[in-house]
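Just below is one structure, and these are the notes that go with it.
The values are calculated or read from the model by the stated rules, or taken from the named source; none is laboratory data. Bear in mind the structure is a predicted one, so any value in this text is a computation, not a measurement. Note that each Cβ is placed from the backbone with ideal geometry, even for glycine, and that neighbours are counted across all protein chains shown. The accessibility values were calculated without ligands, DNA or RNA, using every heavy atom of the protein model including side chains. Shrake-Rupley method; radii C 1.70, N 1.55, O 1.52, S 1.80 Å.
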Amino acid sequence: MPITDVRCHAMRAELHTPFVTALRRATAVESVLVVVVDEDGRSGWGEAPQVWRVTGESMEGAAACLSGPLRDVVLGADPDDLAARSHEIAAAVVGNLNAKCALDVALHDLAARRLGVPLARLLGGTATSVPTDVTLSAGGPGELAATARARVQDGFDVLKVKVGTKAGPAADVAGVSAVRQAVGADVRIRLDANQGWTPREAVRVIRALEDADLDVELVEQPVAAADLEGLSWVSDRVQTPILADESVYGVRDLVEVIRRRAADLVNVKLAKCGGLAPARTLLDLADAYGIGTLVGSMMEGPVGVGAAASLVAARGTTVTSDLDAAWWLAGSPVVGGVSYDGSHLVLPRAPGLGVSGLKG
């Protein structure tokens, strides 16, 4: 029962609240959804998010890649032979990791549907929900404190605070302090600088947070992605665990982080590494070398987040994952898929990702 069609759909979904980081301000999620169809009319879904300031890849480029070289390698192929399809996708084109991710996820979704099992079960797990943190958009201390209290009332107990903005290191310390005062000692706080500090700024800020006893769980990507020497320099000079995100796309990147002992943990994102197959390799490699793990998401919808959550449900991570992206949507653009219950993503019991179509 070969693959008979590959279709692309542009998707735009508005956010209920603007999402602000050191790199950008977003008011909507824009993605390409890909649908892979087999001979019996069953379909698998995948998502290629557009995140200019992180991956540099666009919706137009993803659609062209999915409709061209990636379509060519899977059309007429056996959808159940996932290992062979994964190798073909990786070799079909240079870069275009978000497009590769979309097709890889769509093939896994289709394979799960053909077997009549949820995607998490196909990946080897039985969990039906996974916990997530929630991000607080960058802002002043008062705004951060109010938002933090609101998210705790929503049921979240792990908060990610965006730092490293133009407001400067002193404002970062004040903001984190305000959040800690607002939520108390039982809520975990982690920081994401999105490459916003120099190595010296990072050490000064993190040491100030340590001296203030603010109990920060980890700091994500404090310096520029390419500055592994700087990342290692920071890691050696602070007690707070350092999480590599933009510094790690694929296996070679993670090997270099491990070799340099540049970070304590790695954030594995499907759209950044190329899909479920390479993500599992990264997680296994990190485990083998004692590197902590979490699975993250770009600003994407329930298809991409659902795939990431299914991976976490199947194999777990060492700390709570970062899968709140679809929580920010004012409304889901698809029928079915994952949902949120407080701080947990609830996976559908339907086969695959549980997505049956586009709304509207």
### Task
List every residue pair whose Cβ atoms lie under 8 Å apart, where the two residues are 6 or more positions apart in sequence or sit on different chains, the first residue falls within region 1-24 and is open to solvent by less than 70 Å² (accessible area, probe 1.4 Å), and the second residue, located anywhere, is aromatic (Phe, Trp, Tyr).
Leu15/Trp328; Thr17/Trp328; Phe19/Trp328; Arg24/Trp52
### Query
Restricting attention to region 302-360, and to residues there that are under 19 Å from Leu33 (Cα atoms), hydroxyl-bearing (Ser, Thr, Tyr) and not in a strand (DSSP E or B), which single residue is most open to solvent (accessible area, probe 1.4 Å)?
Ser332
### Message
With the requirement that a residue be buried (at least 20 other Cβ atoms within 10 Å of the Cβ), within 29 Å of Gly354 (Cα to Cα) and hydroxyl-bearing (Ser, Thr, Tyr), what does region 125-165 give you?
### Response
Thr132, Thr135
### Query
On the given criteria, is Arg85 among the basic types (Lys, Arg) and out of contact with any helix residue (DSSP H, G or I) (no Cβ under 7 Å at 6 or more places or on another chain)?
no
### From Tyr289, Tyr249, residue being of a type in the set (Ser, Thr, Tyr) and more than 24 Å from Asp109 (Cα to Cα)
Tyr289
### Query
For region 121-168, how many residues are small (Gly, Ala, Ser), touching a helix residue (DSSP H, G or I) at 6+ places or on another chain (Cβ under 8 Å) and outside any loop (DSSP other than H, G, I, E, B)?
5
### Query
With respect to the numbered conditions (1) surrounded by fewer than 22 Cβ atoms within 10 Å (Cβ to Cβ); (2) modelled with pLDDT of 95 or more; (3) of a type in the set (D, E, K, R), which one is the sole condition not fulfilled by Arg190?
(1)
### Condition met for Ala171 (at pLDDT below 90, surrounded by fewer than 20 Cβ atoms within 10 Å (Cβ to Cβ), touching a Gly at 6+ places or on another chain (Cβ under 9 Å) and assigned to a helix (DSSP H, G or I))
yes
### Query
Which residues, taken from region 57-72, are in contact (Cβ under 8 Å) with a residue 24 or more places away in the chain and assigned to a helix (DSSP H, G or I)?
Met59, Gly61, Ala62, Ala63, Cys65, Leu66, Ser67, Pro69, Leu70, Arg71
